[in-house]
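Step one of this worksheet: look at the structure below.
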Amino acid sequence: MKTDPTFWLLARASGMTAYVLLTASILAGLVLKSRPFGRALKVSSVTDVHRFLSLLGLGMLALHGVSLMLDQTVKMPLAGLFVPGASPYRPTSVSLGVLTAELMALIVVSFSIRKRIGVRNWRRLHWATYAVFVMGTLHGLLAGTDSSQPWAKALYLGAVGAVVFATSWRALTRPTRPATAARRPAPAPTTTPVPERSA
Amino acid sequence: MYEIVIDRSLCSGFGACAELAPEIFDVDDAGLVSIRVGQSEDPSVLDAASACPMAAITVHERQAA
């Protein structure tokens with residue numbers, strides 16, 4: 001009897017889409033700080049896009065996992081989606097995918113509770129996004145059925161190149177100052193300034 | 001009336017606040033945000049506070065005397 005390929009195709013497509021969304025979210029995050037487009041993009045809008053892409057990527061990862069579980073090609077048990085090494089199919093490379101998804105979920109959720117865990121701790125955790133990207137790339141290359149296809153190789157190469165380029169830009173350039181009213185005359189002192197806290 | 005407090009030790013100079021409420025927030029030459037006024041009735045301070053990725057802005061609502 002021929003197996004229905006719907007979930008297998010869905011698993012492959014959602015995995016690839018999640019990787020693209022993760023890459024786009026990282027690029028938006030890097031644009032947020034380095035501001036390569038100057039004042040053409042509003043910080044608050046880029047922040048929204050960054051968060052939206054992250055959430056969408058997480059949703060796509062969930063679809064990737066559910067599709068793999070429902071599919072009959074690799075027969076993925078539920079534990080294989082959450083416990084590294086529990087997958088009978090390519091255990092090492094699937095483990096990388098499990099760790100990628102779990103760490104990404106942690107990073108996305110941490111934004112909403114950043115005051116509770118401490119903003120500095122949240123910021124440190126945010127650096128782990130690079131680990132998510134590296135593990136996600138390796139997972140795609142090693143576990144992905146389509147990785148040998150020229151279009152898939154081009155996609156991985158493009159994603160890695162874009163993130164490396166944007167990170168280098170972020171590290172090497174001084175960000176543009178946001179538009180402010182700084183050079184305008186200060187408003188009349190009708191209010192009492194509140195002292196700012198400092199470290 | 002909104003009372004604004006900035007924790008400059010958290011500020012990373014994203015500048016979202018200065019974009020949303022330029023009459024209230026400013027980015028100084030060091031790339032950190034400072035406040036032009038400490039109190040305001042402009043509700044845009046709430047947008048500015050929630051837009052700060054570093055959660056460096058706190059706004060307290062006070063009843064006008």
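The values are calculated or read from the model by the stated rules, or taken from the named source; none is laboratory data. Everything numeric in this text was worked out from a predicted model, so none of it was measured. Please note: Cβ atoms are built from the backbone with ideal geometry, for glycine as well, and neighbour counts cover all protein chains shown. For accessibility, only protein heavy atoms count, side chains too; no ligands or nucleic acids. Shrake-Rupley method; radii C 1.70, N 1.55, O 1.52, S 1.80 Å.
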**Request:** Spot the failing condition for A:LEU22; the list is (1) touching a residue at least 60 places away in the same chain (Cβ under 8 Å); (2) out of contact with any Gly (no Cβ under 6 Å at 6 or more places or on another chain), and only one is missed.
**Result:** (2)
**Message:** Going by what's in this entry, would B:ALA51 be described as under 9 Å from the mean Cα position of the chain (by Cα) and facing another protein chain (nearest Cβ under 9 Å)?
**Reply:** no
**Fill in**
All-but-one check, B:ALA21 against (1) touching a residue at least 24 places away in the same chain (Cβ under 8 Å); (2) in contact with a helix residue (DSSP H, G or I) (Cβ under 7 Å, 6 or more places away or on another chain); (3) closer than 25 Å to A:THR173 by Cβ, failing number (3)
**Request:** Scan region B:2-15 for residues that are within 7 Å of chain A (Cβ to nearest Cβ) and out of contact with any Phe, Trp or Tyr (no Cβ under 9 Å at 6 or more places or on another chain) and report the count.
**Result:** 7
**Request:** Return the residue satisfying two criteria in turn: it lies in region A:28-49 and is open to solvent by 50 Å² or more (accessible area, probe 1.4 Å) and under 18 Å from the mean Cα position of the chain (by Cα), and of such residues it is farthest from A:HIS126 (Cα to Cα).
**Result:** A:SER45
**Message:** Looking at (1) outside any loop (DSSP other than H, G, I, E, B); (2) farther than 20 Å from A:LYS42 by Cα; (3) more than 7 Å from chain A (Cβ to nearest Cβ), which one does B:ALA30 not meet, given that it meets all the others?
**Reply:** (1)
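Do the conditions hold for A:LEU125, that is, is it over 12 Å from the mean Cα position of the chain (by Cα), assigned to a helix (DSSP H, G or I) and in contact (Cβ under 8 Å) with a residue 12 or more places away in the chain?
yes
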**Request:** Pick out the one residue from B:GLY15, B:GLY38 that is within 10 Å of the chain's Cα centre (by Cα), open to solvent by less than 20 Å² (accessible area, probe 1.4 Å) and at pLDDT below 85.
**Result:** B:GLY38
